[in-house]
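Everything below concerns the one structure shown next.
The values are calculated or read from the model by the stated rules, or taken from the named source; none is laboratory data. Note that the coordinates shown come from a computational prediction; the quantities given were computed from them, not determined experimentally. Here the Cβ is made from the backbone with ideal geometry for all residues, glycine too, and neighbour counts use every protein chain on show.
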Amino acid sequence: MSSKWLFTNAFLLELGSLLSLLSESSSLTAILTFALVHGAACLCLMAGLWPLLPRQYRQPLPWSPLFIFGLAFFIPALGVLGVAAAVFPALYFPRRQRADVWKQTAIPDLPFRATEPDMRSMMSAGGLQDVLRHAVNPNKRLSAILSTRQMSGRDAIPILKLALKDPVDDVRLLAYSMLDAQESGINLKIKQTLEELQSAASDRLGQLNASLAQHYWELVYLGLAQGSVLEHMLQCARSHIEQAMSKRESADDWLLAGRIALEQRRITEADAAFARAQDLGMEAAQVATYRAEVAFICRRFAEIPAWLTQVHIDDRQRLPFSALARYWQCP
């Protein structure tokens with residue numbers, strides 16, 4: 001059956017129902033006639049309209065066609081016209097499809113060489129300390145502590161010590177475990193080297209004493225020793241490096257002896273040790289910063305720019321040393 005024929009019958013029947021109601025408005029027969037004719041108009045509208053709906057609107061059965069019938073039937077006169085006015089424009093004048101709002105682009109080629117991220121800018125000590133001080137979320141503070149594994153030991157230790165004051169137990173325990181792991185590792189090396197030293201041949205005594213001095217100095221350098229323990233570690237490092245220097249001549253031993261003396265504020269001995277390390281073949285760039293520090297403590301300010309110019313260019317451009325180098329090298 002043609003949909004157009006059904007639509008025509010629906011409109012004619014709806015018009016007839018209205019005329020029957022107006023002609024005999026007080027008669028019960030007129031009301032029943034109106035209801036029957038109006039229902040027939042709604043059935044014709046439903047039968048003609050439902051097959052024209054998109055597939056997704058024709059389901060589920062029987063609720064989809066009953067919805068059209070009920071919408072037209074329970075709004076006399078205006079129901080049929082309203083449904084037709086709402087549905088016909090959408091069926092015969094669908095919305096125009098919009099053009100794509102995105103632009104397709106080709107996948108770019110990979111770079112010739114992968115770029116390496118600057119870890120100093122990603123995990124600066126100041127940035128991680130700010131996270132530990134100000135971050136409300138404990139997970140962020142835990143992530144800051146875990147980030148110290150990518151940093152040098154001397155930069156990481158102050159951050160871990162700051163985390164020991166955190167109000168959350170998990171943060172404190174993680175920081176303590178990482179500090180304890182570093183200290184325990186160095187102490188284990190000291191213990192093993194002392195055991196080797198007791199039964200070592202005479203030709204290995206210098207090397208073992210130098211290793212012991214380096215381990216003790218590492219505890220001092222990383223800030224894992226404080227107070228009287230710090231003084232004891234420095235004294236042990238000094239004792240072993242002096243024993244090593246009595247058995248061999250090494251520029252590295254003299255450099256370590258100078259650093260220990262500088263930490264103990266034995267400035268004259270430190271300056272002589274650095275000079276001796278240079279005499280034994282050590283590059284000036286390796287001792288330049290220490291000799292500049294000695295010159296500053298001795299108030300020989302005119303020598304500082306000359307020492308700083310011997311530092312490697314990469315080191316001079318690294319923060320915070322770059323600002324110091326610019327200050328002393330200004331005319």
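Kindly evaluate Ile190 against the criterion of being surrounded by 13 or more Cβ atoms within 10 Å (Cβ to Cβ), β-branched (Val, Ile, Thr) and within 29 Å of His312 (Cβ to Cβ). Break it down stepwise before answering.
Values: surrounded by 13 or more Cβ atoms within 10 Å (Cβ to Cβ): yes; β-branched (Val, Ile, Thr): yes; within 29 Å of His312 (Cβ to Cβ): no.
Here the answer is no, as Ile190 does not meet what is asked.
Taking the residues in segment 211-255 that are assigned to a loop (DSSP other than H, G, I, E, B) and in contact with an Asp or Glu (Cβ under 9 Å, 6 or more places away or on another chain) as candidates, determine which candidate is nearest to Ser184 (Cα to Cα). Step through it out loud before you land on a result.
First, pick out the residues of segment 211-255 that are assigned to a loop (DSSP other than H, G, I, E, B): 222-226, 248-250.
Checking which are in contact with an Asp or Glu (Cβ under 9 Å, 6 or more places away or on another chain) leaves us with 222, 224-225.
Details: Leu222: 13, Leu224: 11, Ala225: 12 Å.
Step by step, filter segment 211-255, then rank; the result is Leu224.
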If you scan segment 236-250, which residues turn out to be closer than 14 Å to Gln214 by Cβ and either of a type in the set (Phe, Trp, Tyr) or crowded, with 16+ Cβ neighbours inside 10 Å (or both)? Cys236, Ala237, Arg238, His240, Ile241, Gln243, Ala244, Met245, Ser250
Looking at segment 301-321, can you tell me whether even one residue there is in contact with a Gly (Cβ under 7 Å, 6 or more places away or on another chain) and either at positive phi or modelled with pLDDT of 85 or more (or both)? no
So Leu208 passes all but one of these: (1) in contact with an Asp or Glu (Cβ under 7 Å, 6 or more places away or on another chain); (2) free of Cβ contacts under 8 Å to residues at least 12 places away in the same chain. Which condition number does it fail? (2)
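In this structure, does Lys165 turn out to be out of contact with any Phe, Trp or Tyr (no Cβ under 6 Å at 6 or more places or on another chain) and under 27 Å from Gln264 (Cβ atoms)?
Details: out of contact with any Phe, Trp or Tyr (no Cβ under 6 Å at 6 or more places or on another chain): yes; under 27 Å from Gln264 (Cβ atoms): no.
So Lys165 fails the test.
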Hits in segment 298-330 - residues which are loosely packed, with under 13 Cβ neighbours inside 10 Å and part of a helix (DSSP H, G or I): Phe301, Ala302, Ile313, Asp314, Ser322, Ala323, Arg326, Tyr327
Given the residues Ala251, Ala292, Ala275, Ala288, which is the only one that is closer than 21 Å to Tyr221 by Cα and in the same structural domain as Ala225 (by TED's automatic domain parsing)? Ala251
Unmet criterion (only one of (1) in a helix (DSSP H, G or I); (2) at pLDDT below 90) for Ala200: (1)
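Quick check: is even one residue across segment 222-235 more than 27 Å from Met178 (Cα to Cα) and either surrounded by 15 or more Cβ atoms within 10 Å (Cβ to Cβ) or outside the structural domain of Ala275 (by TED's automatic domain parsing) (or both)?
The initial filter retains those residues of segment 222-235 that are more than 27 Å from Met178 (Cα to Cα), namely none.
No - not one qualifying residue is present in segment 222-235.
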